[in-house]
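The values are calculated or read from the model by the stated rules, or taken from the named source; none is laboratory data. Only a predicted model underlies this, so the values are computations on that prediction, with no experimental measurement involved. Here Cβ is always computed from backbone atoms with ideal geometry, including for glycine, and neighbour counts include all displayed protein chains.
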Amino acid sequence: VLKVFKSLHRTRQEVFKNDARALEAARQKINEEFRNNQDETSEEKIKEFLKIASDVEVILRTSVIQAVHTDADKI
């Protein structure tokens, strides 16, 4: 569980680099989701949550695009 938690945070730092608002929002969401489920004891549910977390990481790495304004009318 800790490995997936740390991996999500590393992915967050890479994907949202230089975007303080997105970094903080992602940090809060990751921590909130893990905190909400920290008392789960069912092995099946834990595996399901870990699968969801891994899927989220893949989506972040493959689907998030960061745009940067380079000029008044260019991104």
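Some notes on this structure:
- In region 34-75, residue farthest from the chain's Cα centre (by Cα) [restricted to those that are of a type in the set (S, T, N, Q) and not in a helix (DSSP H, G or I)]: T70
- Hits in region 53-75 - residues which are over 12 Å from V1 (Cβ atoms) and either surrounded by 10 or more Cβ atoms within 10 Å (Cβ to Cβ) or touching an Asp or Glu at 6+ places or on another chain (Cβ under 6 Å) (or both): D55, V56, E57, V58, I59, L60, R61, V64, Q66
- If the condition is being within 17 Å of S63 (Cα to Cα) and either modelled with pLDDT of 95 or more or of a type in the set (K, R) (or both), then region 14-39 contributes only K17.
- Residue in region 23-32 that is hydrophobic (A, V, I, L, M, F, W, C), surrounded by 12 or more Cβ atoms within 10 Å (Cβ to Cβ), without any contact (Cβ under 8 Å) to a residue 12 or more places away in the chain and in a helix (DSSP H, G or I) present: yes
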